[in-house]
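Participant: Sending over a structure as structure tokens; questions will come in a sec.
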Amino acid sequence: MSHDLPLFRYHPDPIATGAVEPSDSICQCCGQARGYLYTGSIYALEDLDHICPWCIADGSAAARFDASFIDDYPLLTAGMPAEVVTEVSRRTPGYLSWQQEAWLTHCHDACEFHGDASLADIRNASDATKAAWMADYRLDEEVWQRIEEGYQPGGNPAIYKFVCRHCQQILFAWDCS
């Protein structure tokens, strides 16, 4: 039933993040039941809900349906090279968020997505991680403390963990319902 999943440079474990799940359903792009399907948002004119990770990885789903899997605007405004924007938005599984996902960048590259931050990730965040989060969202230490006290992974607010592929700094994206 299953095959080895393709490797995604910017989303290294899509099963752990819930972006890909086991399924016997047939992919709407390749017509095969390959054992896994993507569970996130698909931005396309057609109603798509059965796309396999292989059709995301090789770009065939993006090409066939003019589909993307995340909003490319945050990457474009961060000045990412076109090839990075294309790889992340059209050949990488996205993630679900309350409002609109925003793929984070650092060291002139897109970061790896690692899913919901754990409570330990929040409590053990480095000063650099906290400072970056507060600067990005124009919030202060008091708000950080309230979030740290009440945060639950998968809850509201949602905090998503990203890791810089170059310096390994952890960054957090934040979203609320």
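Participant: Hey, ASP109 hits all of (1) under 19 Å from THR17 (Cα atoms); (2) touching a residue at least 40 places away in the same chain (Cβ under 8 Å); (3) among the charged types (D, E, K, R) but one; which does it fall short on?
Facilitator: All conditions are met except number (1).
Participant: Residues in segment 133-160 that are out of contact with any Cys (no Cβ under 9 Å at 6 or more places or on another chain) and part of a strand (DSSP E or B): how many? Show your work before the answer.
Facilitator: Pass one, segment 133-160, residues out of contact with any Cys (no Cβ under 9 Å at 6 or more places or on another chain): 133-155, 159-160.
From what is left, the residues that are part of a strand (DSSP E or B) are 159-160.
So the answer is 2.
Participant: Also, I was wondering about something else. Which of the residues spanning segment 15-39 are β-branched (Val, Ile, Thr) and surrounded by fewer than 18 Cβ atoms within 10 Å (Cβ to Cβ)?
Facilitator: Our first condition is that a residue be β-branched (Val, Ile, Thr); within segment 15-39, this holds for 15, 17, 20, 26, 39.
Listed by number, the residues that qualify are ILE15, ILE26.
Participant: Filter segment 154-164 down to the residues that are modelled with pLDDT of 90 or more and either aliphatic (A, V, I, L, M) or surrounded by fewer than 16 Cβ atoms within 10 Å (Cβ to Cβ) (or both) and list them by number.
Facilitator: Step one: of segment 154-164, the residues modelled with pLDDT of 90 or more are 158-164.
ALA158, ILE159, VAL163, listed by residue number.
Participant: Still on this model: Go through segment 96-143 and give me each residue that's aromatic (Phe, Trp, Tyr) and at pLDDT 95 or above.
Facilitator: Here is the first cut: in segment 96-143, the ones aromatic (Phe, Trp, Tyr) are 98, 103, 113, 133, 137.
Scanning segment 96-143 gives TRP103, PHE113.
Participant: Those residues that are among the small types (Gly, Ala, Ser) and in a loop (DSSP other than H, G, I, E, B), I need them from segment 114-132; list them, please.
Facilitator: Here is the first cut: in segment 114-132, the residues among the small types (Gly, Ala, Ser) are 115, 117-118, 120, 125-126, 128, 131-132.
Within segment 114-132, ALA117, SER118, ALA125, SER126 qualify.
To keep it simple, each residue is scored yes or no on (1) within 29 Å of HIS108 (Cα to Cα); (2) in contact with a Ser or Thr (Cβ under 9 Å, 6 or more places away or on another chain); (3) of a type in the set (Asp, Glu); (4) outside the structural domain of PHE162 (by TED's automatic domain parsing).
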residue: LEU7; (1), (2), (3), (4): yes, no, no, yes
residue: THR17; (1), (2), (3), (4): yes, no, no, yes
residue: CYS27; (1), (2), (3), (4): no, no, no, yes
residue: ALA33; (1), (2), (3), (4): no, yes, no, yes
residue: ILE56; (1), (2), (3), (4): yes, yes, no, yes
residue: ALA61; (1), (2), (3), (4): yes, no, no, yes
residue: ARG64; (1), (2), (3), (4): no, no, no, yes
residue: GLU87; (1), (2), (3), (4): yes, no, yes, yes
residue: ARG90; (1), (2), (3), (4): yes, yes, no, yes
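Participant: What is the residue count in segment 29-75 for residues that are farther than 28 Å from ALA173 by Cα and of a type in the set (S, T, N, Q)?
Facilitator: Within segment 29-75, the first condition is being farther than 28 Å from ALA173 by Cα, and the residues that meet it are 29-35, 46, 60, 63-65.
Adding the requirement that they be of a type in the set (S, T, N, Q) leaves 32, 60.
Total satisfying the criteria: 2.
Participant: Right, another one. Being farther than 21 Å from ASP13 by Cα, aliphatic (A, V, I, L, M) and surrounded by fewer than 17 Cβ atoms within 10 Å (Cβ to Cβ) is the filter here; which residues of segment 91-133 pass it?
Facilitator: ALA128, ALA131
Participant: Among the residues of segment 73-83, what is the count of those that are farther than 21 Å from PRO157 by Cα and buried (at least 19 other Cβ atoms within 10 Å of the Cβ)?
Facilitator: Start the filter on segment 73-83 by keeping residues that are farther than 21 Å from PRO157 by Cα, which leaves 73, 75-83.
With the extra rule that they be buried (at least 19 other Cβ atoms within 10 Å of the Cβ), the set shrinks to 75, 80.
Summing the residues that are farther than 21 Å from PRO157 by Cα and buried (at least 19 other Cβ atoms within 10 Å of the Cβ) in segment 73-83 gives 2.
Participant: Can you find even one residue in segment 91-105 that is over 12 Å from the mean Cα position of the chain (by Cα) and not in a loop (DSSP other than H, G, I, E, B)?
Facilitator: Within segment 91-105, not a single residue is over 12 Å from the mean Cα position of the chain (by Cα) and not in a loop (DSSP other than H, G, I, E, B).
The values are calculated or read from the model by the stated rules, or taken from the named source; none is laboratory data. Quick caveat: nothing in here was measured; it's all calculated off a predicted structure. Here the Cβ is made from the backbone with ideal geometry for all residues, glycine too, and neighbour counts use every protein chain on show.
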